[in-house]
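Working notes, beginning with the structure itself.
Derivation of every value follows stated rules applied to the coordinates shown; laboratory data play no part. Bear in mind that the values here come from a model prediction, so they are computed numbers and not experimental data. All Cβ positions, even for glycine, are placed from backbone atoms using ideal geometry, and neighbour counts span all protein chains on display.
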Amino acid sequence: MPQAFPLPGHETCRVAKQAKKASTKKSSAKDSANKAPAKKVAAKKSAAKAPSTTVPAGPKSPAKSPTPRPSVAAQGLGHIFIGVGGWTFAPWRGVFYPDKLPQAKELEYAGSKLTSIEINGTYYGSQKPESFRKWAREVPDGFVFSVKGSRFTTNRRVLAEAGDSIKHFYNTGVLELGDRLGPVLWQFAPTKKFDEVDFGKFLELLPREMDGHKLRHVVEVRHDSFRTPAFIALLRQFEIPVVFAEHATYPGIADVVGDFVYARLQKGNDDIATCYPPKQLDEWAKRLQIWASGGEPDDLPRVGATSAPKRPRDVYAYVIHEGKVRAPAGAMELIERAR
């Protein structure tokens, strides 16, 4: 049976209820910050009529339950939060978002279909406290945002000097998300190589608690030099996980560290209505459930020689591929399969 799902950093949280409807007044300066750079979708020839010239042929995503809850397969498991990156993306209009849905209502709608969203606008620039408060109001209880840390924090030669940048990031109002705040994702450039001493200094700088909020951090590394047991051992000293990246180029490191797992699925296909074929969706749902139960999938690459202790873990999974058009459909399919 489903159990009450915990808020990030807490044991339990309230049963999901519908959040108050957000004001229909546009806040374009705030919402536009959550746009991901849109890349052209290469559409294949198809007899089916596409919803717009930027959308590949294929049927619209089927409707799902109006307010999904974080997936829990059984007692004793962590909770599985599934979503996409951002929510303001023009090609989703008429494909994921209903026709004529006001842009000011898009986050509220996304929150009714998904259980999490990775806020990516925070990577590119600072947001305002009122923006975080507004976003928190527009999603239902139990919904969780992950937040991408500032690029000015991670894109530097000496990571040990990032302390002031980390403080500034949190001072922009991230904590205004309240119980909707999930992990903060610190993403590093593909050119950033592993330096055990410097990276360790960076991990030391990450606050574990702030203003009564327990904080979660996860790092995404994209250089092959991080494929070393020394990196996993360092992460385990601080109990900070590494992102498992399903990507054609970046290293996939599936070693489990800490009390949650974070996966970014980046091999989706916009020519498939559900983003991934059914078999691959089933495989990913099974992996998410294994992680939630405290295990480690045996078909994903690990670097370290030892496994993490077996205990229930929360799981955050995001369907984020370059085209993005079918990402919400893929996320909704995973929500159904991982229940």
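Here are the numbers for the structure shown:
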| read-out | value |
| --- | --- |
| The stretch 204-339 - share of DSSP beta bridges that are antiparallel (%, nearest 5) | 15 percent |
| Inter-label distance for Ala305 and Phe152, nm, one decimal - labels placed 7 Å from Cα along Cα-to-Cβ | 4.4 nm |
| Label-to-label distance, nm, for residues given as Asp164 and Asp211 (7 Å Cα→Cβ offset) | 2.2 nm |
| Alpha-carbon centroids, the stretch 193-232 and the stretch 301-321: separation in whole Å | 15 Å |
| Residue order, fewest to most surrounding Cβ atoms within 10 angstrom, among Ile232, Ile272, Ile335 | Ile272, Ile232, Ile335 |
| Cα-only Debye scattering, the stretch 248-307: base-10 log of I(q)/I(0) at q = 0.12, 0.28 Å⁻¹ | -0.34, -1.33 |
| Ascending count of other beta-carbon atoms within 10 Å, so fewest first, for Met332, Met210 | Met210, Met332 |
| Partner aspartates and glutamates for Lys113 [C-alpha distance under 12 Å; skip if fewer than 8 residues away on the same chain] | Glu333, Glu336 |
| For Val303, Val319, order by how many other beta-carbon atoms lie within 10 Å, fewest first | Val303, Val319 |
| Extension gain from Thr191 to Asp99, taking 0.36 nm per residue of separation minus the Cα-Cα distance | 29.0 nm |
